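Just so you know, all these numbers are worked out from the coordinates, no wet-lab data involved. This one's a predicted model, so the numbers in the text were calculated from it and none came from an experiment. Counting neighbours? That spans all protein chains shown, and the Cβs are built from the backbone with ideal geometry, glycine included.
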Amino acid sequence: MARNENSSCIQMDFLEVCSFGDLEQAKAMLKNGKVDKNFQHHGNGWAALHWAARRNHQEIVELLLRAGFDPKSPAKDGKTPLDLVTNEAVKEILIQFENINTNQEGAFLVLSISLKCNIRKQ
């Protein structure tokens, strides 16, 4: 039981880190391998990518997408991260990622190049 509680605390902490836009902490938590990419908040069903998208944290959104978080994952109300974003640059990143077939070899390279080009335009 303590293990489940600890895991739940880690997941909730990660949601908070993504919500606040703490890039370095998000990287560290992903690196330790304890983050569940499918974890959703018990109240609204938002995953880390939902929180980062809603708060327009572009670097966090990019980090989560590269780490394999699902941009099409619906919350309890059926909304995806794309439905929540208000920043055009972040919206474009999510759209580009959704259009890439991640099972195709080199897809992440294409995304990475695309993201770098998008950042230079701003």
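Quick one: if the Förster radius is 35 Å, what FRET efficiency do Lys27 and Glu98 give, using the C-beta to C-beta distance and rounding to 0.05?
Efficiency for this residue pair is about 0.90.
What does the convex hull of the alpha-carbon atoms of the range 30-104 project to on average, in nm²?
Mean shadow area of the hull around the Cα atoms is 5.1 nm².
Order 73-85, 32-44 from most to least packed using the mean count of other Cβ atoms within 10 Å.
My ranking of the peptides, most packed first, is 73-85, 32-44.
Counting other beta carbons within 10 Å of each Cβ, put Glu16, Glu92, Glu62 in order, fewest first.
Glu16, Glu92, Glu62
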